[in-house]
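Read the figures in this text as sums done on the coordinates, not as results from a lab. Predicted model, so just to flag it, every value in this text is computed and none were measured. Positions of Cβ are backbone-derived with ideal geometry, glycine not excepted, and every protein chain shown enters the neighbour counts.
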Amino acid sequence: MNLSFAEKEIIFDSYDELYKYEIGNGRVNYKYSDRVVIRELNPNTGNGYICGRFLEENEYNINSRGWIKIKNFNEKQIKNLLEEAMISFLLYL
């Protein structure tokens, strides 16, 4: 079963390092180190994207713009990916 928007929001809000802001139509982004790490978290679909552009080795499907769709991710997968993404931001930015 897919996590809802609210369930994903709770996960992301549990990270003090993230800054949340609304981008329109109820969608939200989260910044880490002044860069967007989570974008377009959608209240209608529960979809959103985590930045995978700086990940070296990974098993994720990264789109051409460097983002990973998290619509079908469970809590553990989201936390693992987010933590990998935040570490990659520190190493490559």
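Go ahead and collect, in residue order, the members of region 1-30 whose backbone nitrogen is under 17 Å from a label point 7 Å along the Cα-Cβ direction of Lys79.
Zone members listed by number: 3-4, 7-18.
Beyond 20 Å, what percent of the Cα pairs of the chain remain?
On the way: 1167 of 4278 pairs.
The calculated P(r) of the chain puts 27 percent of pairs beyond 20 Å.
Taking the Cα centre of the chain as the origin and placing charges on Cβ (Lys, Arg +1; Asp, Glu -1), which of Tyr92, Gln77, Ser4 is farthest toward the positive end of the dipole?
Ranked along the dipole, the leading option is Ser4.
How far apart, in nm, are the 7 Å Cα→Cβ label points at Ser64 and Leu91?
2.7
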